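Below: one structure, written as structure tokens.
Read-outs throughout are calculated quantities, based only on the coordinates presented, and are distinct from any laboratory measurement. What you see is a predicted model, and the numbers here were worked out from it, not measured in a lab. Every residue, glycine among them, receives a Cβ derived from its backbone with ideal geometry; neighbour counts consider all protein chains shown.
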Amino acid sequence: MPDIGQTLRETRLRNRVDITEVEAGTKIRAKYLRALENEEWDLLPGPTFVTTFLRTYAEYLGLDARGLVEEYKQRFERPTAVELTPFKPGGLGGRRDRRRRIALGPPLIGLMVVLLLLGALYGLGKLGQDGGGGDATPNEVEAERKPAPTASPSGRRSNAARRVSVIIVPTAAVNVCLLSPSGSRLIDNRDLAPGRRTRRYRGRRLRVSFGNGGAYMLVNGRRFEVPDRSAPVGFDLRPGRRPRELAEARRPKCG
């Protein structure tokens, strides 16, 4: 069975995806992605981050995320202190040990609760910052995988929640037409060369047309393949929804 890191690296290279594209799509820093591919678990912040980053990276590549996480837990996670505690037969000494564990149980549980609360508050503080180049936290990763609208004081969703973003990455020569909500031509029937990704386009609603299947889209950071058809194919892009394929009559045409 291939190693976990080998599976991640070979899948990425087979799909001709650069590590910087994965960083942009998953919001996980490149040094952590390389640590996953090299199985350098000690370079990651902790076991929770390992499983979260591994699951996110695997889903981005279209792999069996649950299977890879379970394989990591079986092969690399250390047993807990409880699992390592040998069983002691009953008797006076055993009863004393049980009474000692019972006496120490509530304080330890209280300490763990306090530590978890402090960790949650720290994570919320990091999430509230404008993290242009900061380390990704599990909360940030989860928010990127499953975006949720934020509420302003007036109860309305923020502008960011009402906008969709797209980056087009050609894998072959492809003709692209991209229209804004008002019908303005953001990309006007341009022939894009493979490997030259576009800048990020944003809007309340975008419509895009491809001359063939030689590209994929990064919609709000998630990858969507353009199907290889004998005829051009168009998509409707809206916030919080998967790209919806358009009928030929509704496909945007820049010409």
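Counting beta carbons within 10 Å around each of 217, 112 and listing the fewest first gives the order 112, 217. Modelled this way, with points 7 Å down the Cα-to-C-beta line, the labels at residue 254 and residue 204 are 2.3 nm from one another. The gain in end-to-end length when the residue 29 to residue 113 segment is fully stretched comes to 27.3 nm, 0.36 nm per residue minus the alpha carbon separation. Ordering 69, 219, 174 from the fewest to the most neighbouring beta carbons within 10 Å gives 69, 174, 219.
How much FRET efficiency would the formula 1/(1 + (r/R0)^6) give for residue 162 and residue 71, where r is the Cβ-Cβ distance and R0 is 45 Å, rounded to 0.05? That pair, residue 162 with residue 71, gives E of 0.65.
With K and R counted +1 and D and E -1, the other residues having a Cβ less than 9 Å from that of residue 209 yield a net charge of +3.
Between residue 20 and residue 196, the distance separating the two model label sites (each 7 Å from Cα on the Cα→Cβ line) works out to 1.6 nm. Approximating the spin labels as points 7 Å out from Cα along Cα→Cβ, the residue 3-to-residue 120 distance works out to 3.8 nm.
Listed from fewest to most Cβ neighbours within 10 Å, the set 60, 201 follows the order 201, 60.
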